[in-house]
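The values are calculated or read from the model by the stated rules, or taken from the named source; none is laboratory data. Everything numeric here is computed off the predicted structure, so don't read it as measured data. Every residue, glycine among them, receives a Cβ derived from its backbone with ideal geometry; neighbour counts consider all protein chains shown.
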Amino acid sequence: MVSGNPARLTVLSGPSGVGKGTVVAEVRRRHPDVWLSVSVTTRRPRPGEADGVHYHFLDDAEFDRLIATDGLLEWAEYAGNRYGTPVAPLRERLAAGAPALLEIELQGARQVRARAPEAQLVFLAPPSWAELVSRLAGRGSEPAAAQERRLALAQAELDASGEFDVVVVNDDVARAADELVGLLTAPVPRPV
Ligand code: ADP
Ligand code: 5GP
């Protein structure tokens, strides 16, 4: 699929509310050349989210069509909505030799590992459970029931952090962004 390519593919995962979006925004502010895949989703846009920027917002039939035409590198259902990574722009980007970053949840990260074993899998972890709960509530983007649902999933995601190549603790946005930049720009290991 995307294997055998010299450019590095990095996957960033971690529980909802840990700060993935915040840390990635900081990385891109410092390194605009880091390319971030824009996922497709059946979730409705949050206030301030723009179609084609934060996500491509699709209806169920459009999402089904992408699956049927093998247009997604991976996809998963998460908290009642579907999310997926369009494969064509990612292939193009890696072929151009630029580092590429996917910000996706656990089931998707596992699919990437299976289809592109050379990908680097990074887990963003909270400094503590209490801090995760407080960040998710503090963001205020979901009603309480949806936050509960995301926290239930978060526990399973934290349990799977050992499956990742690297764990970055998001104690401080600037520090976590530094660490992620180092991982994104590290030389691609030579195949053995
Ligand atoms: P995710 O993309 O993982 O769901 P967000 O980036 O939306 O998470 O962050 C969730 C909330 O936590 C936001 O309100 C954000 O401002 C806050 N946040 C992110 N990183 C930190 C940090 N290192 N320290 C304190 N608050 C943070
Ligand atoms: P949110 O609804 O908060 O934007 O995203 C919910 C979860 O879906 C987050 O963990 C986010 O990383 C994940 N996600 C976003 N895009 C994709 C994708 O393309 N594939 C998968 N598997 N997960 C995604």
Considering residues that are in contact (Cβ under 8 Å) with a residue 24 or more places away in the chain and not in a loop (DSSP other than H, G, I, E, B), the number found within region 156-174 is 11
Filter region 75-87 for residues that are closer than 23 Å to residue 156 by Cα and surrounded by 16 or more Cβ atoms within 10 Å (Cβ to Cβ); which is farthest from ligand 2 (Cβ to nearest atom)? 82
Residue, nearest to ligand 1 (Cβ to nearest atom), within region 31-74, restricted to residues that are exposed (fewer than 12 other Cβ atoms within 10 Å of the Cβ) and either modelled with pLDDT under 95 or within 30 Å of residue 169 (Cβ to Cβ) (or both): 46
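Looking at 105, 148, 118, 142 in this structure, which one is touching a Ser or Thr at 6+ places or on another chain (Cβ under 7 Å), under 22 Å from residue 45 (Cα atoms) and of a type in the set (D, E, K, R)?
Details: 148 fails: touching a Ser or Thr at 6+ places or on another chain (Cβ under 7 Å); 118 fails: under 22 Å from residue 45 (Cα atoms); 142 fails: touching a Ser or Thr at 6+ places or on another chain (Cβ under 7 Å).
The unique qualifying residue is 105.
Residues are listed down the side, and each one gets a yes or a no for (1) at pLDDT 95 or above; (2) away from ligand 2 (no atom under 16 Å from the Cβ); (3) part of a helix (DSSP H, G or I):
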position: 89; (1), (2), (3): yes, no, yes
position: 97; (1), (2), (3): no, yes, no
position: 102; (1), (2), (3): yes, no, no
position: 122; (1), (2), (3): yes, no, no
position: 131; (1), (2), (3): yes, yes, yes
position: 137; (1), (2), (3): no, no, yes
position: 147; (1), (2), (3): no, no, yes
position: 176; (1), (2), (3): yes, no, yes
position: 181; (1), (2), (3): no, yes, yes
If residue 134 satisfies every condition in (1) without any contact (Cβ under 8 Å) to a residue 12 or more places away in the chain; (2) farther than 16 Å from residue 14 by Cβ but one, which is the exception? (2)
Which residue pairs have Cβ atoms closer than 8 Å, lie 6 or more positions apart in sequence or on different chains, and pair a first residue in region 53-67 that is in contact (Cβ under 8 Å) with a residue 12 or more places away in the chain with a second residue that is surrounded by 16 or more Cβ atoms within 10 Å (Cβ to Cβ) and part of a helix (DSSP H, G or I)? 58/66
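Confirm whether residue 22 is closer than 17 Å to residue 124 by Cβ, assigned to a strand (DSSP E or B) and more than 11 Å from ligand 2 (Cβ to nearest atom).
no
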